[in-house]
Each structure stands twice: as C-alpha cells, then as structure tokens.
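Read through the structure below, which is laid out as structure tokens, and then see the notes.
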C-alpha cells in the first residue's frame, strides 16, 4: 500500500490517499487556516475549539473518510456529522465545496489505480 497527500487550496481541504490494488481509501481534512511557509493548519482531533490546531494530519480531525473502488462505487462517512449531528456552513460555497472535494477524490482515483472502469 502506498500513501499520497494532496492539498486542494481552493477548496480548503487536504486529502490523504491510501492506494490499494482495487480501491483507494481517503481521509479528508478541513484546512482551518494557513501558517508561515504556506503550510495548512487543521483542527486537532478531540479539540474543544477550532483555535486548537495542528500542522500534521496524523493528529488532525478527519472531516470525511471513505473509499472509491475500481468500478466507481464509493462509500463516505462524514465524521463531522457523526460527532456533531450536523455539518456547519456559513455560505453556499461552504456546502458545495464538500461535493467538489468528493468529486476530486473520484478523479484522483482514476489517476491512482492501474485499472478504473467507473462510470463518468
């Protein structure tokens, strides 16, 4: 298994991909701000405030986790929703970017797997 990380700055998400033969596991982290040297900051896992941030996804709160398979099927668990019973958005763009990041994962799967037969 190989892992890769990609920052989607325009959507304020970082995605960690774990590549298997027939599917890719994804952990999606919401970027809470930007530090010096253009490094993203994430809310610390278990933090009681979004001011408690970390620079490493290993210690950050997972926003969405899931996978996309070689045939295009996918499953997603919205951690934020499970923990808080809702997903907060201050604008339409806050909500639509969630769909956009899932679409980016779908596109990335097509690049990462040697064989992808999903319906586009």
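What follows is calculated from the coordinates using simple rules that are stated; it is not laboratory data. The model shown is predicted, which means the values in this text are computed figures rather than measured ones. Every residue, glycine as well, gets a Cβ built from its backbone with ideal geometry; the counts of neighbours run over all protein chains shown.
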Spin-label proximity, residue 86 to segment 40-77 - amide N less than 18 Å from point 7 Å beyond Cα toward beta carbon: 49-50
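Compare the peptides 44-50, 103-109 by average per-residue count of other Cβ atoms within 10 angstrom and give them in order, highest first. Mind showing how you got there, number by number?
On the way: 44-50: 12.4, 103-109: 17.1.
Ranking the peptides 44-50, 103-109 by packing returns 103-109, 44-50.
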The chain, relative contact order [Cα under 8 Å, separation at least 6], %: 21 percent
Mean ellipticity per residue at 222 nm, deg cm²/dmol - from DSSP H runs of n ≥ 4 across the chain, formula -39500 (n - 2.57): -7000 deg cm²/dmol
Where labels lie 7 Å past Cα in the beta-carbon direction, separation of residue 20 and residue 47 in nm: 3.1 nm
For Rg/Rh (Cα atoms, Kirkwood Rh), calculated from these coordinates, the label among (i) 0.97; (ii) 1.00; (iii) 1.22: (i)
Least to most buried among 70, 76 (fewest other Cβ within 10 Å first): 76, 70
